[in-house]
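Here's the structure, in structure tokens; my notes come after.
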Amino acid sequence: MDDDRSTGPAPGDSSIPTDDQGATDPSDPQRFGEAFFDAVYRMLKVGSIFESDQEQTRNAVDDFRSFARKSLADTSLRALSFGIRGEFASVNGHTIRLSQQDQRRLRELRELFADAEIRTLSFGRNLTADELVELLDELREIRNADEEQRLEGFETSHLEYDSGSPDRDVLEALGEVTVREYSAHLYLRLAVKVGRLHERIEEESDTTADLPTLRRIVDRIAELFDGDRFDILRLPTTDLLEAGPALHSVNTAIYSMLMIDRLGLRPGRVGASGLAILLRDVDRTRGVDLADPAEAGAPNERLATANARAVARVSGRLDGSPASSLRAILLHERGIELERTIGPPFYKRERRVHVVRRAADIARTYDRLLAGSDGNEPRDPSTAIEALKRRGDSELDPALVELFVETMGDYPVGTTVELSSGERARVVGPPAAESASDRPHIRLLERDGQPVVDLGDPNYQRASIDRAVAEGEEPTEADDSGDDLFLLD
Amino acid sequence: MAATSTDDPDKLSTRRREELRLGRRCFDTLERFLEAAESYPPGHPVVDEALDNTEDAFDSLFRHTDQMVVRLEDHRTCLLGTEESVWETSRPEDYCFALSRDGVFLLYFLGGLQRREIRKFGLVLRRLDQEEVDVDATAALYDADFTHLEFRALDGSMAWLAGLNADALRQDSEEERREVRELFGRLSDADAGLREPDGDALTADELFRTQLKTRSERRRELQNGTEQMLNLRPSLQDALGELKQGLLTVDEFESRYGEILAGVLARNPNEELVSRVASEIADVMVRLVEGDEPSEALTFLKAVHTWRGAFEDEAARALQTALRDHLSDDRIRSLVDEVADAKPAVRRPILRLLDALDSEEGSRQVLGLLEWELGDETERDIYRFLQKRASSGLGFAGDALDSLPDDEAERVVDIACEAMPETRSFLVDSLPRDIGEELKVRALEALEDHWRDSREIRQYVLPLLNARTSELRTAATRAVEKGAPDQVRSVLQAKLEDEAFYERPKPEIEAVVTALAREGGEKGLEAIEEAIRCRLYAGSSRREFASKAVRSLVKVPTPRVADLLESVSDDWMVPGSVRSACDEVLQVIG
């Protein structure tokens, strides 16, 4: 760090302005962020100039601790964090807007962080002066070293750091993330968010949905589908999460989005469909449907009135977006048989039941078959697909069922299969669009490293799936020639 | 702040170099547009020209490539896959800074990007560029809901997985983050392949570079469906194609929703619900207006209107108010710009929409278009629109009249004259304006039987009695006679005593004389008699005036006028030409 007197405090002047009491309140991210940035800067600056046994350093450390203690006193935060990404400083995860002078100071800190290869520092509640002094010593040593060093093996109880370059480019960082883990993370976040929302509604506490984030997550999933990436389909068949209405809602939304995407619609509409289904289920949990199920199949006027009343109940939550429109359409068309055309008193002109409602019906049925419901045992994915095909002739939209089956394949993701070689494999991805429906992506469970192969790849044309096997079923005897099946010749 | 290069662009292929050149031109023109928009009001020719240039620049780019992807850094944008700057700045805070601060790292400009979206993008950038405004860039881009402009921003998952400090991490609460972290850990333990980049695991970075479909692929999918759909039997494809319309066309999507909301309004809701639903209808309409096909908002409004008969008056009023309130001047401006530029199939529905909304501001702006050079067909459409709007009075058109070229102002006044009496106020209001006197004559003629009271005549017509042209003075005289007969004598009698008046053309003299004869009472007739009983020694102009005045009286065939004429005719001191004129008139009126 340059000893630039024009932009930093005078050596030894580490005092943190404390006349502004609001500055120590983390609930105002920008104001607090500016003050905390100032506090961090002063301490690190002084620490870079003076040795730890000098009074200036001791004063700087004490001032910083006092500021941190005061800030943490009235919040639920466990720690205060300070991070740098390129030209930006973040405090407790909030990127703060800095004055031009502070922007120059930030560049000094960025150099310091870059030398030590750290991105974030977190200061815990019971932070001690010795811990801070230790940190300053380490940083000073790295700074003054002749050879490149980094902050490594530095461990204290109340001071943590994240390793990495503060100048790391976003795309460079993303280069290390696989789509598979990204998809999984999106799914888990969606499931957790929706699950907590349903819980809050049931507890009648805060029932407000975090719509912007839900929307961003479903939009990202829609973009993955648009890019022909179906990795997320692995998740609904894992037993990682507890089954229940919220998880069922998430899975329904995802399968529905898959169908809508495969119709060839833009990701924006696909995401809106998923969000609408999630919100429709939230409405159901909120009790918008209460007293109305009996109206299903009721004479037109009564059902139309009941549905209009349900739309009216959610009207305060509508925001003019496509997802809002679909949410209301789903409410308005509930209880209407799919094969009917809907005219007055629902609509002035004859319309058919909306495609999102049709897709949601299929998705719900499929997920229920997998999870087991109404006293039925859970089915494995390929049996569930078979059952779905049968219902497509009567209860569900037959064309959409065909599209769903075509996309998922004869052996949907999550199915355990036995190959012609006798080997066991797990289906981890649907068949590629140009592949036959019985040639999905599979993980070879009995091979080292459990490699994934695309059965649609011509290199694997000699391999085939014999059948789906139930969980725990004994393997049949292996074919003698099996070992050669997957050789890439 | 010109676009510059950081590396040697010669290392790029010829095609990429051209993309770079065209991309830089796009950003340069975009910057000029932003500067113009900062300095001039919306719709100003300088702003419009800058927008034209930006649109041209993007058109050129998309003739070369169907998309351009730029990577955002703190103070510059680079063509993705290169280190070449497309735009950069030395300013400490700029829109790149604001975008990347909020986690946006890629911008995709897609073929088909047009004026409306460029302008909308410019508005977003301007908001971000204003330091004092605390706008979240990602939210602003999301809300703008672009069709031909996409972006990638760090989300909570990316930031966590890539280990980046970003606000996106705050999309989840601390408890949610902890739960997801724990679940993700369990998942990683159970699925060793989660992180491993085996054959099929594209990295997120690669995905963003390659994900967007080409325009032709996208078009094919939008038209026909995906490969999976095309693998199905033709009959199933047809069925799915029909279902797909539910999310594709306004008629099947927004209009369906419009009907649902209108259906709620038709079920006698309370005041609060009326207000909420009306506001939602207006929100959807605004979304459509700002979309690719603004004219489709009309389809939506028509669907709502099919329920109009069942609304209470209160609901209808609330709806109209909400629609007006939501349609800001900027939104109207972008609609009106379409009127000037778009093809008839788009222009005409927009004009119908503005008419249906009864939008004063929209009508005013459409009228303002007549100041520009327009195609004949566009001009015809605008006049047809004005003819329709005339039934609501043309109140919006008053101020615009002053700045319209004469020909256009004339046509607007003609429309107003044809639409009387609905346009009465507009025509009255036009009289003191700076428009041609012949237009004022037309206005006065159209207003002939529609004057409200003599005060209105005093305010608007009396100043015209001294107009430059005789035609207007004549029309004003007739207006005084029709609109304020009680004022005729006091206003017009003095003219007969003014020698300059003797030289006026016959219609003007006739208008004054007949008005006085009809409405001036006995004193008016006495003044006429005095004016025509000129003496033998009177000059020729005086005599000619007297003869003209006498001949005017043929239009007032009353006994009192006949007596007056007989008296003058018998007066040997009156010049023969005047007495002859009296005899001629007497023969006619008997």
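We did not get these values from a lab; they are worked out from the coordinates using the rules stated. Since the structure is predicted, the reported quantities are computational estimates derived from the model, not experimental observations. Note: ideal-geometry Cβ built from the backbone for every residue, glycine included; neighbour counts use all protein chains shown.
Some observations on this one:
- The GluC sites (Glu not before Pro) of the range B:228-320 that meet both conditions, a loop assignment by DSSP and at most 14 other Cβ atoms within 10 Å of the site Cβ, are B:GLU312.
- Radius 13 Å from Cβ of B:ALA494, net charge of other residues (Lys, Arg +1; Asp, Glu -1): -1
- Cβ-derived FRET efficiency at R0 41 Å, A:GLU176 paired with A:GLU337, nearest 0.05: 0.20
- Under the simplified labelling scheme, the B:SER470-B:GLN587 pair shows an inter-label distance of 2.6 nm, with each label point 7 Å from Cα along Cα→Cβ.
- Cross-link pairs exceeding 25 Å between alpha carbons, from the set B:LYS495/B:LYS523; B:LYS244/B:LYS343; B:LYS482/B:LYS548; B:LYS440/B:LYS495: B:LYS244/B:LYS343.
- For the range A:220-266 and the range B:441-504, distance of Cα centres in Å: 80 Å
- One Cα centroid belongs to the range A:78-100, the other to the range B:382-422; the line between them spans 59 Å.
- Cα-projected label distance for B:ARG352 with B:ARG452, points at 7 Å along beta-carbon direction, nm: 3.6 nm
- Considering only B:ILE332, B:TYR502, B:VAL574, and ranking their Cα positions along the charge dipole of chain B that arises from unit charges at the beta-carbon of Lys, Arg, Asp and Glu, the one farthest toward the positive end is B:VAL574.
- Distance between modelled label sites at B:LEU222 and B:GLU83, nm, 7 Å Cα→Cβ extension: 3.8 nm
- Charge context of B:SER363, other residues only, Cβ under 10 angstrom, K/R +1, D/E -1: -1
- Using the Cβ-Cβ distance between B:GLU35 and A:SER27 with R0 = 60 Å, the FRET efficiency computed as 1/(1 + (r/R0)^6) comes to roughly 0.95.
- Helix A:55-73 and the long axis of chain A differ in direction by around 30°, with both axes built from C-alpha atoms.
- Gain on full extension, evaluated as 0.36 nm per residue between B:ASP571 and B:ARG181 minus their Cα-Cα distance, stands at 128.4 nm.
- Euclidean distance of C-alpha centroids, the range A:435-454 and the range B:67-89, integer Å: 40 Å
- Using alpha-carbon coordinates, inclination of helix A:355-371 to the longest axis of chain A, degrees: 90 degrees
- FRET efficiency estimate (nearest 0.05) - Cβ-Cβ, B:TYR383 to B:TYR537, R0 41 angstrom: 0.10
- Degrees, to the nearest 10: A:29-49 long Cα axis against longest axis of chain A: 50 degrees
- Local electrostatic count at A:ARG168 - Lys and Arg +1, Asp and Glu -1, tallied over other residues with Cβ under 12 Å: -3
- Gyration tensor (alpha-carbon) shape descriptor, chain A, a/c threshold 1.5: oblate
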